[in-house]
Amino acid sequence: MIDTVYFEEDVLEYPAVSRVKKALPKANWVPIERFQELFNIRNQNFRIQKKNPALILAKKYENFVLPVPSGFGMSSSKNFYFSHMYNCLYDCNYCFLQGLYSSANFVLFVNYEDFFEHISQTIEKNKNDTQMFFSGYDCDSLAFDKVSGFSDNLIQFFEQHPNVEVELRTKSIVTSSLLRRNPIKNCIIAFSLSPHIIANKLDNKAPSIARRIDAMKKLADSGWQIGLRLDPLIYTKDWKNQYAELIFDIMSQVKVPSVHSVSYGLLRFPKKMYKKISTLHNDSGLFAFPMHENNEVISYGKEIENDMYSFIQRELHKYLPETKIFHCTN
Amino acid sequence: MPSRRLKFLTMESKKNSHVYLICWVVALRAEATPIIKIFNLQKIQTQTSFSIYANQELGHALIISGVGAIKSAAATSFLKAYLNIGSFAAWINLGIAGYHKEPIGKIYQAIKVSSQEHCRTFFPGFRFSKIIEHTSLLSVTKAELEYKKPALYDMEAFGFCEVASAFSCNELIFVFKIVSDTPKSSLENLTKSVIEDLVNNNLSTINQLLSEINKLSIIEMERLSIPQEVTELEDLIHFSRTNSIKFRNLYKKWKYVNSEKTLKGLHLSKKTAKEVIKFLEEDISSNKNTRDYL
């Protein structure tokens with residue numbers, strides 16, 4: 001449980017703050033001027049901080065909606081992302097957030113209305129294109145939802161905009177608020193998945209794969225569109241059997257029409273980020289692998305990449321049409 | 001040119017002759033005495049006006065800074081340089097402080113340390129919420145008599161944080177303060193023995209905190225430590241700065257898959273840094289498909 005909430009003094013009027021107060025009644029509240037004074041401190045230790053992260057409540061002023069990096073989107077012609085939160089409750093070894101931020105504290109931007117205002121403007125500006133919005137790039141979309149209540153607000157907003165799609169990416173099984181309401185056709189609940197042996201080892205603090213598949217099945221059965229995100233693909237000794245088993249497990253429980261899309265991508269990091277993360281994990285096998293560098297990107301290298309991609313594609317094609325399968329390159 | 005001793009401020013020692021995990025910076029002798037006694041710290045002659053006490057076996061070092069932020073900052077720097085303290089050490093500023101409310105004698109962890117004079121704020125330390133209550137602290141230049149804000153008032157923590165945060169990671173910088181005066185109980189009642197009692201009465205909590213702080217320091221020490229066989233090989237073969245970084249990174253990977261092997265004798269067959277690096281790269285890449293990297 002979060003024991004300390006740092007808050008910018010001008011956020012107290014936002015409804016999200018009242019919700020946080022109710023959800024964390026025992027927390028110690030400490031006023032701050034701007035979240036950066038705490039979040040961007042030099043010489044922070046991400047690993048130690050991750051043992052007891054604090055919550056920072058802040059107001060976002062700019063960059064509410066951004067275009068996704070190339071190679072990230074799916075079939076829509078315009079793809080955008082937004083981050084109402086920085087950092088994640090989980091502690092996955094490969095997570096790029098530990099290389100992106102020097103702090104493990106959670107930042108929640110509580111001015112949700114401003115996000116929706118900027119998303120509305122983006123929708124209007126690009127009304128002649130197909131559009132998709134991604135939530136969960138800098139955080140897990142649902143894991144903090146009991147405290148933040150963000151997804152309820154988000155779904156109410158996108159219900160009014162049925163011509164654009166929104167993806168909530170998650171490893172969480174906190175789906176009760178979704179199951180309580182009628183599904184909307186343009187919202188995809190996208191689960192990040194790895195074979196259970198890999199997830200047990202690397203997805204620290206995250207729900208097990210069996211529980212994620214179970215949550216996915218419940219959502220699919222109640223009419224929600226499901227996304228499968230096999231990203232990052234992790235190379236290990238027995239990876240073929242493990243991934244084949246994972247895809248079989250999922251597809252034997254979730255019906256094909258409920259699957260909106262599957263995307264997959266290899267473990268990859270920008271070079272600087274890889275250096276930073278690997279110093280945080282001295283004893284991790286993941287960072288002991290002899291990785292390759294190409295154009296400032298660190299990955300397993302072409303040979304493994306081709307091998308894994310063609311295998312995953314073949315396995316997915318056993319269950320799903322080509323039109324639902326996407327390859328993430330960035 | 002910095003003196004040999006001061007060079008330790010800018011570089012990590014290859015071999016830590018003494019490993020100090022806990023460094024105390026304390027303003028008054030009366031605040032320090034209970035700590036000196038309980039950890040059996042022995043005085044070290046420094047030929048300066050700073051008094052340093054240490055117990056190498058227990059890994060504790062303590063400096064008495066005197067009152068004020070500048071003295072606290074100077075003492076922190078001096079202790080770091082004098083004992084060649086590693087960047088995995090935890091730094092603790094312990095002392096008495098004014099507070100806006102009773103009770104006298106309660107110990108707090110200050111998790112927000114500000115100075116109105118400097119218009120800056122620090123957020124030191126991993127928070128031990130299960131052991132100790134947290135609060136904010138204002139470092140002031142004169143003893144506070146009005147206690148207008150809901151915060152602790154002291155005269156050292158800001159100077160301490162400013163300097164200590166350059167030596168170890170922020171999560172290993174701690175400010176613990178014991179309430180000594182409040183609007184209802186003035187500073188005038190404070191004597192040496194009262195101050196000693198205030199600290200003595202909190203030794204149980206301090207010990208609990210130290211047990212947790214030690215664990216964090218050890219985690220950091222393990223993360224930063226450079227194995228002896230690495231430094232030994234670097235002593236035998238010339239490594240440029242770039243090659244040394246490359247070698248150390250490769251070594252970690254090599255050791256992960258060769259936990260039983262050592263680099264002993266490698267300098268006999270590999271004469272240059274490039275040869276060593278090539279050897280490690282080739283060894284790591286061989287059989288990569290049959291190893292488990294989870």
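Taking the stretch B:257-289 on its own, how many of its residues are facing chain A (nearest Cβ under 10 Å) and free of Cβ contacts under 8 Å to residues at least 12 places away in the same chain?
Looking only at that region, the number is 5.
Condition first: open to solvent by 40 Å² or more (accessible area, probe 1.4 Å), of a type in the set (Lys, Arg) and closer than 26 Å to B:Phe88 by Cβ. Now tell me which residues in the stretch B:213-263 satisfy that.
B:Lys215, B:Arg223, B:Arg241, B:Lys246, B:Arg248, B:Lys252, B:Lys255
Check whether at least one residue in the stretch B:81-92 is within 14 Å of chain A (Cβ to nearest Cβ), under 27 Å from A:Ile32 (Cα atoms) and of a type outside the set (Ser, Thr, Tyr), and report yes or no.
Scanning the stretch B:81-92 turns up at least one residue that is within 14 Å of chain A (Cβ to nearest Cβ), under 27 Å from A:Ile32 (Cα atoms) and of a type outside the set (Ser, Thr, Tyr).
What are the pairs with Cβ atoms under 9 angstrom where one residue, in the stretch B:111-131, is closer than 18 Å to A:Asn45 by Cβ and the other, located anywhere, is among the basic types (Lys, Arg) and in a strand (DSSP E or B)? Sequence gap at least six, or different chains.
So the pair list comes out as B:Phe122/B:Lys112; B:Phe123/B:Lys112; B:Pro124/B:Lys112.
Anything in the stretch A:32-49 that is within 7 Å of chain B (Cβ to nearest Cβ) and of a type in the set (Asp, Glu)? List them, or say none.
A:Glu37 - this is the single residue of the stretch A:32-49 that is within 7 Å of chain B (Cβ to nearest Cβ) and of a type in the set (Asp, Glu).
Quick one: which residue in A:Leu57, A:Leu100 is buried (at least 18 other Cβ atoms within 10 Å of the Cβ), more than 14 Å from chain B (Cβ to nearest Cβ) and in contact with a helix residue (DSSP H, G or I) (Cβ under 9 Å, 6 or more places away or on another chain)?
A:Leu57
Out of the residues in the stretch B:113-146 meeting the condition of being more than 20 Å from B:Thr205 (Cβ to Cβ) and in a strand (DSSP E or B), tell me which one is farthest from the other protein chains (Cβ to nearest Cβ). So that I can check it myself, show each step before the final result.
In the first step, residues of the stretch B:113-146 are kept if they are more than 20 Å from B:Thr205 (Cβ to Cβ); the result is B:114-123, B:138-146.
After this cut, where a residue has to be in a strand (DSSP E or B) as well, the list is B:114-115, B:120-122, B:138-139.
Working: B:Ser114: 10, B:Ser115: 14, B:Arg120: 9, B:Thr121: 6, B:Phe122: 8, B:Leu138: 13, B:Ser139: 16 Å.
Among residues in the stretch B:113-146 that are more than 20 Å from B:Thr205 (Cβ to Cβ) and in a strand (DSSP E or B), the one farthest from the other protein chains (Cβ to nearest Cβ) is B:Ser139.
Could you say whether any residue in the stretch B:211-224 is within 14 Å of chain A (Cβ to nearest Cβ), small (Gly, Ala, Ser) and under 26 Å from the mean Cα position of the chain (by Cα)?
Checked against the condition, which is being within 14 Å of chain A (Cβ to nearest Cβ), small (Gly, Ala, Ser) and under 26 Å from the mean Cα position of the chain (by Cα), the stretch B:211-224 yields at least one hit.
Among the residues of the stretch A:246-267, how many are without any contact (Cβ under 8 Å) to a residue 60 or more places away in the chain, touching a Ser or Thr at 6+ places or on another chain (Cβ under 9 Å) and not in a helix (DSSP H, G or I)?
1
Only one of (1) assigned to a strand (DSSP E or B); (2) in contact with a helix residue (DSSP H, G or I) (Cβ under 7 Å, 6 or more places away or on another chain); (3) of a type outside the set (A, V, I, L, M, F, W, C) is not met by A:Arg229, so which one is it?
Of everything listed in (1) assigned to a strand (DSSP E or B); (2) in contact with a helix residue (DSSP H, G or I) (Cβ under 7 Å, 6 or more places away or on another chain); (3) of a type outside the set (A, V, I, L, M, F, W, C), A:Arg229 misses just condition (2).
Could you check the stretch A:268-290 and list, in sequence order, the residues that are hydrophobic (A, V, I, L, M, F, W, C) and surrounded by 20 or more Cβ atoms within 10 Å (Cβ to Cβ)?
A:Phe269, A:Ile277, A:Leu286, A:Phe287, A:Ala288, A:Phe289
Within the stretch B:82-99, which residues are of a type outside the set (Gly, Ala, Ser) and more than 21 Å from B:Leu198 (Cα to Cα)?
Selection gives B:Tyr82, B:Leu83, B:Asn84, B:Ile85, B:Phe88.
Any idea how many residues of the stretch B:133-147 are within 13 Å of B:Tyr99 (Cβ to Cβ), open to solvent by 20 Å² or more (accessible area, probe 1.4 Å) and polar (S, T, N, Q)?
1
Looking only at the stretch B:202-212, count how many residues are among the polar types (S, T, N, Q) and either assigned to a strand (DSSP E or B) or open to solvent by 50 Å² or more (accessible area, probe 1.4 Å) (or both).
Residues flagged as among the polar types (S, T, N, Q) and either assigned to a strand (DSSP E or B) or open to solvent by 50 Å² or more (accessible area, probe 1.4 Å) (or both) within the stretch B:202-212 amount to 4.
What's the number of the condition B:Asp292 fails, among (1) assigned to a helix (DSSP H, G or I); (2) over 30 Å from B:Trp91 (Cα atoms); (3) within 10 Å of chain A (Cβ to nearest Cβ)?
The one condition B:Asp292 does not meet is (1).
Quick one: which residue in B:Val179, B:Val199 is in a strand (DSSP E or B) and away from chain A (no Cβ under 14 Å)?
B:Val179
Out of A:Ile189, A:Ile173, report the one residue that is of a type in the set (A, V, I, L, M, F, W, C), outside any helix (DSSP H, G or I), modelled with pLDDT of 95 or more and in contact with a Phe, Trp or Tyr (Cβ under 8 Å, 6 or more places away or on another chain).
Going through A:Ile189, A:Ile173 in turn, the sole match is A:Ile189.
Give the residue that is farthest from B:Arg120 (Cα to Cα), with candidates limited to residues of the stretch B:55-82 that are surrounded by fewer than 24 Cβ atoms within 10 Å (Cβ to Cβ) and small (Gly, Ala, Ser).
The qualifying residue farthest from B:Arg120 (Cα to Cα) is B:Gly59.
Using the structure shown, decide if B:Val194 is open to solvent by less than 10 Å² (accessible area, probe 1.4 Å) and more than 11 Å from chain A (Cβ to nearest Cβ).
Taking the combined requirement at face value, the residue does not satisfy it.
Would you be able to say whether some residue in the stretch A:98-108 is touching a residue at least 24 places away in the same chain (Cβ under 8 Å), under 21 Å from A:Phe287 (Cα atoms) and in contact with a strand residue (DSSP E or B) (Cβ under 8 Å, 6 or more places away or on another chain)?
Checked the stretch A:98-108: at least one residue is touching a residue at least 24 places away in the same chain (Cβ under 8 Å), under 21 Å from A:Phe287 (Cα atoms) and in contact with a strand residue (DSSP E or B) (Cβ under 8 Å, 6 or more places away or on another chain).
Identify the single condition in (1) within 21 Å of the chain's Cα centre (by Cα); (2) under 30 Å from A:Asn45 (Cβ atoms) that A:Ser284 does not satisfy, given that it satisfies every other one.
If we test A:Ser284 against (1) within 21 Å of the chain's Cα centre (by Cα); (2) under 30 Å from A:Asn45 (Cβ atoms), just (1) comes out false.
Pairs, please: C-beta under 9 Å, at least 6 apart or cross-chain, first residue under 13 Å from B:Ala97 (Cα atoms) and open to solvent by 10 Å² or more (accessible area, probe 1.4 Å) and in the stretch B:150-166, second acidic (Asp, Glu) and in a strand (DSSP E or B)?
Between residues of the stretch B:150-166 that are under 13 Å from B:Ala97 (Cα atoms) and open to solvent by 10 Å² or more (accessible area, probe 1.4 Å) and residues that are acidic (Asp, Glu) and in a strand (DSSP E or B), the close pairs are B:Tyr153/B:Asp181.
If I ask for residues that are among the charged types (D, E, K, R), away from every other protein chain (no Cβ under 11 Å) and open to solvent by 10 Å² or more (accessible area, probe 1.4 Å), which ones from the stretch A:1-19 would you list? Walk me through how you get there before you give the answer.
Within the stretch A:1-19, the subset among the charged types (D, E, K, R) is A:3, A:8-10, A:13, A:19.
Now narrow it down to the ones that are away from every other protein chain (no Cβ under 11 Å): A:8-10, A:13, A:19.
Within the stretch A:1-19, A:Glu9, A:Asp10, A:Glu13, A:Arg19 qualify.
Among the numbered conditions (1) more than 14 Å from every other protein chain (Cβ to nearest Cβ); (2) crowded, with 22+ Cβ neighbours inside 10 Å, tell me where B:Asn170 comes up short.
(1)
Do you know which residues across the stretch A:204-238 are within 17 Å of A:Leu286 (Cβ to Cβ) and open to solvent by 10 Å² or more (accessible area, probe 1.4 Å)?
A:Asn204, A:Lys205, A:Ala206, A:Asp231, A:Pro232, A:Tyr235, A:Lys237, A:Asp238
Would you say A:Val147 is in contact (Cβ under 8 Å) with a residue 12 or more places away in the chain and in contact with a Leu (Cβ under 6 Å, 6 or more places away or on another chain)?
no
Look through A:Phe64, A:Phe39 and report the one residue that is among the aromatic types (Phe, Trp, Tyr), at pLDDT 95 or above and either open to solvent by 40 Å² or more (accessible area, probe 1.4 Å) or farther than 19 Å from A:Lys276 by Cα (or both).
Going through A:Phe64, A:Phe39 in turn, just one is among the aromatic types (Phe, Trp, Tyr), at pLDDT 95 or above and either open to solvent by 40 Å² or more (accessible area, probe 1.4 Å) or farther than 19 Å from A:Lys276 by Cα (or both): A:Phe64.
If you check A:Cys92 against the conditions, is it touching a strand residue (DSSP E or B) at 6+ places or on another chain (Cβ under 9 Å), within 14 Å of chain B (Cβ to nearest Cβ) and in contact (Cβ under 8 Å) with a residue 12 or more places away in the chain?
Here the answer is yes, as A:Cys92 does meet what is asked.
The values are calculated or read from the model by the stated rules, or taken from the named source; none is laboratory data. It should be emphasised that the depicted structure is a prediction, and the values quoted were computed from it without experimental measurement. Here the Cβ is made from the backbone with ideal geometry for all residues, glycine too, and neighbour counts use every protein chain on show. All accessible areas refer to the heavy atoms of the entire protein, side chains included, with ligands and DNA or RNA removed. Shrake-Rupley method; radii C 1.70, N 1.55, O 1.52, S 1.80 Å.
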